[in-house]
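Peer 1: Have a look at the structure that comes next, please.
Read the figures in this text as sums done on the coordinates, not as results from a lab. Computed from a predicted model, the values in this text were never measured in an experiment. When we count neighbours, we look across all protein chains shown, and the Cβ atoms used for this are built from the backbone with ideal geometry, even at glycine.
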Amino acid sequence: MEQEQNIQHTISAKDALHDYKEGLGHFSEKMPDIAEAYKAFTEVCFQEGSLSRRQKQLIALGISVISQDEYCIIYHAKGCIDQGCSEDEILEAVGVSGAFGGGAAMSQTVTLVQGAIQELHHKGH
């Protein structure tokens, strides 16, 4: 029988997503033109195209791991889950990040990414 790992990470995935949305809302109130342009740009970037939305979320998660950005890691881990990625697909994608980012990328993978998967995928989101 496989034991579920209890990995501690620095922030709750759900809290981080809430904080991000709240902060984005505040920024949008203060800088609506910039916020709308950014939103339109990112929506186009993540549209279905030659790459699927699923593939784009996996790429974005890998970039987030390399960038060491906890909020983006959690946001795109959720994006991967929302697009139906399996835990193995997510871990393989961020494993590739380790080839470029070494120990720093792997530390994010074995803590924050796995914690977000456990919190968002196994408990619902």
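Peer 1: Let me spell out the model: positive unit charges on the Cβ of Lys and Arg, negative unit charges on the Cβ of Asp and Glu, origin at the Cα centre of the chain. What dipole size does that give, in debye rounded to 20?
Peer 2: Taking the Cα centre of the chain as origin, the dipole is about 160 debye.
Peer 1: What number, in percent, do you get for the relative contact order of the stretch 78-125 if the mean sequence gap of Cα pairs under 8 Å and at least 6 apart is divided by its residue count?
Peer 2: This gives 42 percent for the stretch 78-125.
Peer 1: Ignoring everything except DSSP H segments at least 4 long, calculate the 222 nm mean residue ellipticity for the chain; use -39,500 (n - 2.57) per segment, divide by total residues, nearest 500.
Peer 2: Theoretical 222 nm ellipticity from helices: -22500 deg cm²/dmol.
Peer 1: Further, regarding this structure: For the stretch 109-118, in order, what is each residue's ³J(HN,Hα) by Karplus, 6.51 cos²θ - 1.76 cosθ + 1.60 with θ = phi - 60°, in whole Hz (x at glycine and Pro)?
Peer 2: 5, 7, 10, 5, 5, 5, x, 5, 4, 4
Peer 1: Toward the positive end of the charge dipole of the chain, about the Cα centre and with charges on Cβ (Lys, Arg +1; Asp, Glu -1), which of L24, I59, A35 goes farthest?
Peer 2: Ranked along the dipole, the leading option is A35.
Peer 1: Would you mind classifying the chain by shape? Square roots of the alpha carbon gyration tensor eigenvalues, ordered a ≥ b ≥ c; an a/c under 1.5 is rounded, otherwise it is prolate if a/b is larger than b/c and oblate if not.
Peer 2: prolate
Peer 1: Under DSSP H, which helices of the chain have Cα atoms covering 15 Å or more of the helix axis and a Kyte-Doolittle average no less than 1.0?
Peer 2: none
Peer 1: When the chain is treated as a GNM, springs tying every alpha-carbon pair under 10 Å, which of I81, I34, I73 comes out with the largest mean-square fluctuation?
Peer 2: Highest fluctuation among the options: I34.
Peer 1: Testing the spin-label approximation: label points 7 Å from Cα along Cα→Cβ at E29 and A104. State their distance in nm.
Peer 2: 3.5
Peer 1: Looking only at Q108, Q47, Q55, which one moves most when the chain is put into a Gaussian network model with springs between Cα atoms under 10 Å?
Peer 2: Of Q108, Q47, Q55, the most mobile in the Gaussian network model is Q47.
Peer 1: I would also like to ask the following. Spin-label point model (7 Å from Cα, Cβ direction): what's the V96 to K14 distance in nm?
Peer 2: Between V96 and K14, the simple spin-label model gives 3.2 nm.
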